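Worksheet: the structure to be examined is printed underneath.
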Amino acid sequence: MTTFPPVPADLFRFTTTDQAELHTAVLRVFGVANERLQTVLTADDVQQRLRTVGWSEQLADDDLQASLAALRGWGLLDAAQHRYGLTKLGEAAYAGVQHATHTLAANGALQTAVLDAIAARLDALAGPLNDHDAFTTLSELEGHLEAFKANTTRFNADLQRILRDDQADLDTFQDVKRTTVTYLRDFIADLDARKHGIREAVVSIDAAELHERARRGAGLVQDEQWAQQRKARWTELRSWFCDNPPRVEELQDVSRKAIVQLLRVLDRISEQRKKPTNTAADFKALAQWFARTETEDEAHELFNAAFGLYSARHAHLAHADGELLPSAEAWENTPPVPVSPQLRATGKQEHIGATGKVRNVDEVRRNRREQAQKEREELEYAWSQIQTDGAIRISTLTNLDHDTFHRLIDLVGRALGSDPDSTGTRSAGTSDGRMQINLRNARGWATMTTQKGTLSGPDYVIDVQSR
């Protein structure tokens, strides 16, 4: 049976009482003092420092003594000669409150700067370092890895909450999701370029030798627990970037799926704005049109157009035996003529034809599967035709079919719409993140011919790669 270290029952008891805010403020006073290497405080010291941690109310001495006694009873404080200090449990409780407050206030982020920091520390560890520098650099690497893990976990939780949130204002909702899509696209592009370099650096380092040098640099003689912790951190680093598959690819998959889902939501919002989704919205819009009419005739014309009340379409109908009715007889004195309900909807008399044949659903499904498979094969072929093994000129591409040509022009258009970097290179990718193009200007003119015509324009140097 798997066991976990027990948490003392009274560790966070102070947060569940009626005086939880006071107990937390008092504990925070001791925690801040402990950070400043002041390990003991008197009751007067606590009273004076409460305002510095955010407690603004006047506190009676009896209430403060009651709080100190309660914290002491739960084992969070010890006392000697009217001087109080944090116990080990008190330090743990303060650390737990700090962590919970930070987590509630923080937002997750996928930061490529942290990946760059991880890569930089790995490059430094791969080079010549003395034992002291090996220890400090390894500690920095583990700190950056921990920050990357925490930010990734928190961002994924925030992202899933965004995907589930459909109660916000539509404008805010749309802006947040569009910004998130752009952010994820940029991160995926940066991550794909960086993960390979980090993987190569991790593989090139002898972890056992590095940990031994770091142990000597830390001044430790033999500390098995420290060594096991370093080994666990390095295993975690390898799981993110070197395992098959690495966890970083799971992050890419989650990001790509989120992009697709967010784009679908944005499309659905756009459709909702184009067309009302219920009868009440239709009638509200119609009422606004009526309010803008200037004359009664315009209102009648709008009414007829909205509800289909045009001139009668049954005037051509006659009785089954018209000879029985005098031609000069007024219509109100003649018997009624049956009118089909279909006449108003379709303009035609009701006609009952033969029952249609039942469609073969299995055949329809099979045709749809075959069509979907064909479309996937065509897409894969198009991407394989576009992908290059390095930088080439567009003018060298020949014998492209029209679909492949169309996808290439779409990628080039995306790149031309982006800002160039310091080298003049423009980069862009597909919506699903599968393909990326790097484009630079080239002197000359390019002419491309497909089955549907010829296109001429400026030549460019392109490099198209799959992600």
Inset, instruction - Work out the FRET efficiency for D362 and D403 from their Cβ-Cβ distance, taking R0 = 35 Å, and round it to the nearest 0.05. - result: 0.70
Legend entry - Separation in nanometres of the label points that stand 7 Å from Cα toward Cβ, at A120 and D421: 1.7 nm
Legend entry - List D463, D123, D133, D421, ordered by accessible area with a 1.4 Å probe, largest first: D123, D421, D133, D463
Inset, instruction - For S422, tell me the accessible area in Å² from a 1.4 Å probe, rounded to the nearest 10. - result: 120 Å²
Inset, instruction - In nm, give the distance between the simple-model label positions of T450 and S340, each being 7 Å from the Cα along the Cα-to-Cβ direction. - result: 4.8 nm
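Say R0 is 51 Å: what FRET efficiency, to the nearest 0.05, do A372 and S56 get from their beta-carbon distance?
Numbers: r = 65 Å, r/R0 = 1.28.
It comes to 0.20.
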Legend entry - Linear extension gain, N333 paired with S431, 0.36 nm per residue minus alpha-carbon span: 28.1 nm
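Using the structure shown, select from K257/K452; K257/K284; K195/K374; K257/K374; K231/K257; K149/K257 the pairs with a Cα to Cα distance greater than 31 angstrom. Before the final figure, lay out the partial values.
Working: K257/K452 35 Å; K257/K284 37 Å; K195/K374 33 Å; K257/K374 23 Å; K231/K257 33 Å; K149/K257 20 Å.
The answer is K257/K452; K257/K284; K195/K374; K231/K257.
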Legend entry - Label-point separation, D206 to T87 (7 Å along Cα→Cβ), nm: 4.9 nm
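If I stretch the segment between F283 and V32 completely, what's the gain in nm (0.36 nm per residue apart, minus their alpha carbon distance), one decimal?
Values: separation 251, 0.36 × 251 = 90.36 nm, distance 6.28 nm.
Between F283 and V32, full extension yields an extra 84.1 nm.
The values are calculated or read from the model by the stated rules, or taken from the named source; none is laboratory data. None of the values given here were measured: they were computed from a predicted structure. A quick note on method: Cβ atoms are made from the backbone with ideal geometry, for glycine too, and the neighbour counts reach across all protein chains shown. Areas reflect the complete protein model, heavy atoms only, side chains present, ligands, DNA and RNA absent. Shrake-Rupley method; radii C 1.70, N 1.55, O 1.52, S 1.80 Å.
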